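Derivation of every value follows stated rules applied to the coordinates shown; laboratory data play no part. Quick caveat: nothing in here was measured; it's all calculated off a predicted structure. Don't worry about glycine lacking a Cβ; one is built from the backbone with ideal geometry, like all the others, and counts go over all protein chains shown.
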Amino acid sequence: MEHTDPAAGYMSGQLLVAMPNMPDPRFERSVIYLCAHTADGAMGLVVNKLIDSLSFPDLLGQLGIESSDIDDQIRVHFGGPVEAARGFVLHSTDYVHDATMVVNDHFALTATVDVLKAMAKGQGPRQSLLALGYAGWAPGQLDSEIQANGWLTVPADEQLVFLSEIESRWENSVKRIGVDLSKLSGDVGHA
């Protein structure tokens, strides 16, 4: 497994939590799992926004994937504004195939139809989050946004990403680092 060296300043495997003053409405109150962060840029998936107009059975039907016992608990997330028709599954590392990118000991990312077929048959990963689209940053862009007080970083864990209520993930993420929401300021250099 390839791990990013935190000493190098890269944050793969962390959560980005939008500050209350987030100027981009697409990311207002967003929590993003950072799948990759290198000198070449960053890529992540929004884990707390759903696409209500599309269900997992609908998606499988559009892709021509047969399924008999579809898990109604699988919901389709808005992963971000880049390549909005492309699917990604963020999941636990008990499911790893050739096309899977292992982020760390707890999280992996697969963007092939095979993972959807496995999920439709009940043979997919133990924990998963299905998203359409992703959030992407050019080299240095995310670092600049963090320095400009656009994002907080929070250690990611399976409870926060997969098991907590979607509607409360932003608040739970902020609380995880001990920040009082009423005292958050959007001004640079202020807490």
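Work out, step by step, the length gained on full extension between residue 159 and residue 84: first 0.36 nm times the residue separation, then minus their alpha carbon distance; give nm to one decimal.
Going from the current span to full extension adds 24.4 nm.
What residues qualify as long-range amide H neighbours of residue 41, i.e. H under 5 Å apart, gap of 5 or more or another chain, H built at 1.01 Å from N?
For residue 41, whose amide H was placed from the backbone, the distant partners under 5 Å are 140.
Give me, ordered by chain and number, the residues 5 or more places off residue 75 or on other chains with an amide H under 5 Å from its own placed amide H.
Placed amide hydrogens put 130 under 5 Å from residue 75.
For a footprinting-style exposure proxy, rank 28, 165 by other Cβ within 10 Å, fewest first.
Lowest count first: 165, 28.
Given 0.36 nm per residue, what is the gain on full extension from residue 102 to residue 166 after removing their alpha carbon distance, in nm?
Extra length from residue 102 to residue 166 when fully extended: 20.7 nm.
Using the 10 angstrom Cβ neighbour count as an exposure proxy, how do 154, 161 rank, fewest first?
Listing 154, 161 from fewest to most nearby Cβ atoms yields 154, 161.
Once amide H atoms are built 1.01 Å from N in the peptide plane, which residues 5 or more positions from residue 28, or in another chain, come under 5 Å H to H?
none
Rounded to whole Hz and in sequence order, give me ³J(HN,Hα) for segment 96-103 from the Karplus expression 6.51 cos²θ - 1.76 cosθ + 1.60, θ = phi - 60°, writing x for Gly and Pro.
3J(HN,Hα) across segment 96-103, in whole Hz: 9, 10, 3, 8, 7, 9, 7, 7.
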